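Read-outs: derived from the displayed coordinates by stated rules, not from any lab. Everything numeric here is computed off the predicted structure, so don't read it as measured data. Positions of Cβ are generated from backbone atoms using ideal geometry, with glycine treated the same way; all protein chains shown enter the neighbour counts.
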Amino acid sequence: MIPETMQLLPPAVIVLGGIGFAMGAMLVWAAKQFYVETNPLVDALLELMPGANCGACGFAGCAECAEHIVAGDVAPDVCTSCDAETFAMIGELLGMEIAAKEPQYPVVLCQGGVNCKDRYDYIGAQTCKAAILLAGTKKACAYGCIGLGDCVRACQFDAIEIAENGLPKIKKYNCKGCGSCVRACPQQVLTLAKEHGPVYVVCSSHDKGKYVKEVCEFGCIGCGICKKNCPEGAIKLDKALAVIDQERCTRCGTCVEVCPRNAIVKL
């Protein structure tokens with residue numbers, strides 16, 4: 001005599017099989033019903049793009065960027081992660097010539113790091129944003145780099161690291177100029193600049209010169225020597241910090257030579 005439980009097995013298998021078949025049929029129906037036809041040109045362009053989805057182009061990802069390029073809403077060279085070879089292939093696909101832009105790299109507007117005194121020993125979450133929540137920042141300069149690597153974690157290309165001097169170091173051979181590190185820095189001490197671009201004051205402090213001298217070896221003290229010697233009148237002082245008007249600057253390098261604090265660099 002077949003046990004009662006065994007008698008129930010075939011109907012159960014049939015029911016489960018029927019449910020599985022019904023669910024499969026529903027999925028096939030849904031796939032056909034909600035299928036969205038894509039533009040083959042967009043798909044081909046997306047294949048050439050790096051797929052970093054870094055957002056530097058202003059769109060949510062490479063797919064959205066590709067759609068806008070094909071639609072003619074943005075220039076085809078909007079992607080910062082493409083190299084010259086990739087742009088050449090994109091140009092061939094779109095039937096146009098695309099010249100690669102001059103590369104941009106992050107510039108660290110701070111020379112503090114180990115050259116700037118600490119206010120206290122920070123023990124806590126190893127992020128710059130977290131450190132700021134605790135009495136401002138551990139550094140004696142409230143404007144400088146904290147050095148806990150928010151910029152490093154934001155970079156998708158392994159193009160930035162915290163060096164022995166406690167400051168971000170840019171690995172140009174990996175950098176795509178996407179600006180993710182710039183956006184991640186809570187102190188705003190990173191900015192994008194062309195490799196052979198302007199002259200920069202690599203300091204962000206607005207503290208008075210006497211205090212800057214006490215806490216940092218290289219900080220701008222607002223002495224105005226650079227302003228007085230600039231032949232183009234391209235430098236002004238903003239709350240004890242030298243600021244260069246990049247439109248008027250001719251990159252002559254006079255300010256770099258006369259700065260007593262080595263706080264100005266020529267890229």
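For the charge dipole of the chain, defined by +1 on Lys and Arg C-beta atoms and -1 on Asp and Glu C-beta atoms about the Cα centroid, which residue among 86, 198, 259 has the Cα displaced farthest towards the positive pole?
Going by the Cα projections, it comes out as 259.
How far apart, in nm, are two points set 7 Å out from the Cα along the Cα-to-Cβ line at residue 117 and at residue 211?
Distance between label points: 1.3 nm.
Quick one: grab the alpha carbon gyration tensor of the range 136-267, order the square roots of its eigenvalues as a ≥ b ≥ c, and give me rounded if a/c is under 1.5, else prolate or oblate depending on whether a/b is larger than b/c.
Taking the square roots of the gyration eigenvalues as a ≥ b ≥ c, the range 136-267 is oblate.
Quick one: dipole size for the range 99-145, taken about the Cα centre, charges +1 on Lys/Arg Cβ and -1 on Asp/Glu Cβ, in debye to the nearest 20.
So the dipole magnitude of the range 99-145 works out to roughly 100 debye.
Test of understanding: express the Cα radius of gyration of the chain as a ratio to 2.2 N^0.38 Å, with N the residue count.
Normalised Rg, Cα atoms only: 1.53.
What fraction, in whole percent, of alpha-carbon pairs in the range 113-187 exceed 20 Å separation?
The answer is 29 percent, as a whole percent.
Can you give the calculated 222 nm mean residue ellipticity of the chain, where each DSSP H run of n ≥ 4 adds -39,500 (n - 2.57) and the sum is split over every residue, rounded to the nearest 500 deg cm²/dmol?
Mean residue ellipticity at 222 nm (helix-derived): -10000 deg cm²/dmol.
Would you please classify the overall shape of the range 40-94 from the alpha carbon gyration tensor, given that a ≥ b ≥ c denote the square roots of the eigenvalues, rounded means a/c under 1.5, and beyond that prolate means a/b larger than b/c while oblate covers the rest?
It is rounded, given that a/c, with a ≥ b ≥ c, falls under 1.5.
Which of the lysines could a cross-linker span from residue 172 if the Cα-Cα distance has to be under 18 Å and same-chain partners fewer than 8 positions apart are dropped?
Correct list for residue 172: 101, 194, 266.
Among the GluC sites (Glu not before Pro) within the range 208-239, which fall in a DSSP loop and have no more than 16 other Cβ atoms within 10 Å of their own Cβ?
Here the GluC sites (Glu not before Pro) that fit, given the DSSP loop and packing criteria, are 217, 232.
Find how much the distance from residue 27 to residue 158 grows on full extension, using 0.36 nm per residue of separation minus their present alpha carbon separation; answer in nm with one decimal.
In short, 43.1 nm is gained.
Would you mind putting 136-147, 42-53, 237-248 in packing order, based on average other-beta-carbon counts within 10 Å, highest first?
136-147, 42-53, 237-248
Considering just Cα atoms, how many Å³ per residue does the convex hull of the range 197-267 enclose?
72 Å³
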